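Heads up, the thing below is written out as structure tokens.
We did not get these values from a lab; they are worked out from the coordinates using the rules stated. This one's a predicted model, so the numbers in the text were calculated from it and none came from an experiment. We place every Cβ from the backbone using ideal geometry, glycine too, and count neighbours over all the protein chains shown.
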């Protein structure tokens, strides 16, 4: 099904912040019709503000990773969770046939680990209520203390090539299962 933007239901939108923006989604998922809508610095609030333009594209799938910049701006866990839930609810309400894959907020430095875990617990529990699929990247990317594994990041936030490879390895079976 084509809409006025020329986007088809076979399109997969990757939505998020700089972690998403830096991904080579079209190369890693050549059959997905990947569109990278990652924006460096985006918070959950900023994704909510631009969500209507995403919905207008009527993609077949939306892959969401957002929340780490909320921590950088010291947003409360409750606000971050509420915003992610609002994003998921709006997508589900406006695009009930669109497949939604929501991924856990990635580990960062150990000082933020408990906050990231708390966000992830709430989003994981909420995801099924809007028929979103949950992909938990935490076990693959985090050390036992919650720090991002050093082999996956040079600055304890952004991923290097090995980090993206680990992420894609976790996402691939889910994305290709449709």
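Applying the selection to segment 101-160, what residues are assigned to a helix (DSSP H, G or I) and within 14 Å of the chain's Cα centre (by Cα)?
In the first step, residues of segment 101-160 are kept if they are assigned to a helix (DSSP H, G or I); the result is 110-130, 138-141, 150-152.
Of everything in segment 101-160, those that are assigned to a helix (DSSP H, G or I) and within 14 Å of the chain's Cα centre (by Cα) turn out to be 116, 119, 120, 123, 124, 127, 138.
What are the pairs, 6+ residues apart or on separate chains, where a residue within segment 131-142 that is without any contact (Cβ under 8 Å) to a residue 24 or more places away in the chain has its Cβ under 7 Å from a residue that is assigned to a loop (DSSP other than H, G, I, E, B) and surrounded by fewer than 19 Cβ atoms within 10 Å (Cβ to Cβ)?
none
Name the one entry in 104, 18 that is crowded, with 17+ Cβ neighbours inside 10 Å, out of contact with any helix residue (DSSP H, G or I) (no Cβ under 6 Å at 6 or more places or on another chain) and closer than 19 Å to residue 166 by Cβ. Full working, then the answer.
Working: 104 fails: out of contact with any helix residue (DSSP H, G or I) (no Cβ under 6 Å at 6 or more places or on another chain).
When all the criteria are applied, what remains is 18.
Within segment 4-11, identify whether any single residue is within 20 Å of residue 127 (Cα to Cα) and surrounded by 14 or more Cβ atoms within 10 Å (Cβ to Cβ), and answer yes or no. Spell out how you get there, then give the answer.
Keep residues of segment 4-11 that are within 20 Å of residue 127 (Cα to Cα), which gives none.
The answer is no, given that none of the residues of segment 4-11 is within 20 Å of residue 127 (Cα to Cα) and surrounded by 14 or more Cβ atoms within 10 Å (Cβ to Cβ).
May I ask you to say which residue of 55, 91 is surrounded by fewer than 19 Cβ atoms within 10 Å (Cβ to Cβ), closer than 16 Å to residue 13 by Cα and in contact with a helix residue (DSSP H, G or I) (Cβ under 8 Å, 6 or more places away or on another chain)?
Values: 91 fails: surrounded by fewer than 19 Cβ atoms within 10 Å (Cβ to Cβ).
Result of the check over 55, 91: 55.
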